[in-house]
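First the structure, in the form of structure tokens, and then the observations on it.
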Amino acid sequence: MNEAGRKKTVFVIDDDAATRLSFRAILEGPLYDVVEAKDGRDALILWGAFAGSTIYLSCITGGEPAASPDKALYVGGLVTLGFACLLGGLWLIRRVRALAAASLRWPVVAGVVKSSEVAAFRSKGGKQFMAKVAYDYTVDSAPFSGDTVRFGNHAGALAKAEADAAKYPAGAPVEVFYDPAKPQTSTLEAGQGGLSVWGLVLASMGGALTALAVIVYFIVE
């Protein structure tokens, strides 16, 4: 007992209930009352309830501090988004390759080139070029439009893009390979399978987000 004849109060602050119970068993008795708190926030709330008393505050922690729920939520969101982008990118890459292979078996109809030009793109490796060719065709009296010269990304040197544009000038008749199940899907050159640009972008983004999640989880406090 202190001078006022009252017991002192010991705060046991720990996120583990078993640890708090162990300290309660050791400390609680004729000299001390024990108040438990699982974290600093609860301790501050309880502190107000004991204002005016003679208090001995003991911050006891066992092992590693509890993980922040905000951090866990953030990491979980990054992992989910990362895997979604990665799987979406891989699906697009696989789809483009599958379309290129399937187009070798597609029927052919006559079409007409509507427009033809060379488009420039900027990438990490510098400026790249690709022919942008739009064409019209008809399947079972239904009109369709397409803009695929060949499946996949075939951007590259200016000379190659200019050669493709010259090969399919505006107004020229062309043969169009189309998917009989989805006639709106077509190409001018069957079996030419490159990589999907958007597939590569999504897959790269997914890998970067997943790596960021690992860094946040293991390094960021």
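Values quoted throughout were computed directly from the atomic coordinates according to the rules given, and no laboratory measurement underlies them. Bear in mind the structure is a predicted one, so any value in this text is a computation, not a measurement.
Here are the numbers for this structure:
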item	result
Amide H partners (placed H, <5 Å) of Ala170, local residues excluded	Ser116
Under 5 Å, built H, 5+ apart or other chain: amide partners of Lys132	Glu117, Val118, Ala119
Gained length - Leu158 relative to Tyr32, 0.36 nm times residue gap less alpha-carbon distance	36.9 nm
Backbone HN-Hα couplings from phi across region 76-87 [Karplus 6.51/-1.76/1.60, Hz, Gly and Pro as x]	x, x, 5, 5, 4, 5, x, 5, 4, 5, 4, 5
Sequence-distant residues sharing a close amide H with Gly152 (under 5 Å, placed H)	Gly194
³J(HN,Hα) computed for each position of region 105-115 - Karplus, 6.51 cos²θ - 1.76 cosθ + 1.60, integer Hz, glycine/proline x	10, 7, x, 10, 10, 7, x, 9, 6, 8, 8
Estimated vicinal HN-Hα couplings, Hz - region 176-182 in sequence order (Karplus 6.51, -1.76, 1.60; Gly, Pro = x)	10, 8, 10, 6, x, 7, 9
